[in-house]
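The structure under discussion appears below in the form of structure tokens.
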Amino acid sequence: MDPLVSDYFLTFSQVAIGFVAFSTIAVVLREMIASSFDAYQTLLLRFVIESGLAATIYALAPVLLAVAGLPQPMLWRVSSGALGVFGVAFPVYYIRRRQRVKPGRMPTRALFVTLGTVVIDVQLWLNALTPLFRWSAGPYAIGVTWLLCAPGIILILTFGEFMRKET
């Protein structure tokens, strides 16, 4: 694996863990002021933390596979396929949880993030199954980066809802 690529993924995994740590610190601070989260806020928080942990795992996976001796084309095919499966399953799981907590239509912001996820998933599957991208690190790096950007976007756009006190 090219050092630039492994450095990117290792550094990105540190950023993702920092994102998760920041989110969990927010929970602790919120609980210290004796104000717990409602079900929707808890769902948003879980989405942010789960996505951050997944980004960490998927950033470290190709480095582990390279250390294990998997050749480059196969490494990116396997990694892209695994992230592609997660990219299909996790949004479906999140939407089902959201419908239980907050029935009704999804907000426009969530639809745009879901559409972005679909575009990323398509390029991941193309990288895994076709030689279009020459089974390279680029599409996978974009997918892993999106895995952390999507919850960041949702968190920024719902920050008022996230910090609202239950009355």
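The values are calculated or read from the model by the stated rules, or taken from the named source; none is laboratory data. Just so we're clear, the structure is a prediction, and the values are computed from it rather than from any experiment. For neighbour counting, all protein chains shown are included, and Cβ atoms are generated from backbone atoms with ideal geometry for every residue, glycine included.
Values computed for the structure shown
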quantity	calculated
Residue in the stretch 89-99 that is closer than 16 Å to I142 by Cα, buried (at least 17 other Cβ atoms within 10 Å of the Cβ), among the hydrophobic types (A, V, I, L, M, F, W, C) and without any contact (Cβ under 8 Å) to a residue 60 or more places away in the chain present	no
Selection status of T114, β-branched (V, I, T), part of a helix (DSSP H, G or I) and under 23 Å from F22 (Cα atoms)	no
Filter result for Y40 (among the hydroxyl-bearing types (S, T, Y), touching a helix residue (DSSP H, G or I) at 6+ places or on another chain (Cβ under 6 Å) and over 26 Å from A137 (Cα atoms))	yes
Test: residue in the stretch 125-140 that is hydroxyl-bearing (S, T, Y), part of a helix (DSSP H, G or I) and either buried (at least 16 other Cβ atoms within 10 Å of the Cβ) or modelled with pLDDT of 90 or more (or both)	yes
Every pair of residues 6+ apart whose Cβ atoms lie under 7 Å, when the first sits in the stretch 33-49 and is surrounded by fewer than 17 Cβ atoms within 10 Å (Cβ to Cβ) while the second is at pLDDT 85 or above and not in a helix (DSSP H, G or I)	Y40/K102
Subset tally (residues that are free of Cβ contacts under 8 Å to residues at least 40 places away in the same chain and of a type in the set (F, W, Y)) for the stretch 1-32	1
Residue, modelled with the lowest pLDDT, within the stretch 141-154, restricted to residues that are surrounded by fewer than 20 Cβ atoms within 10 Å (Cβ to Cβ) and not β-branched (V, I, T)	G152
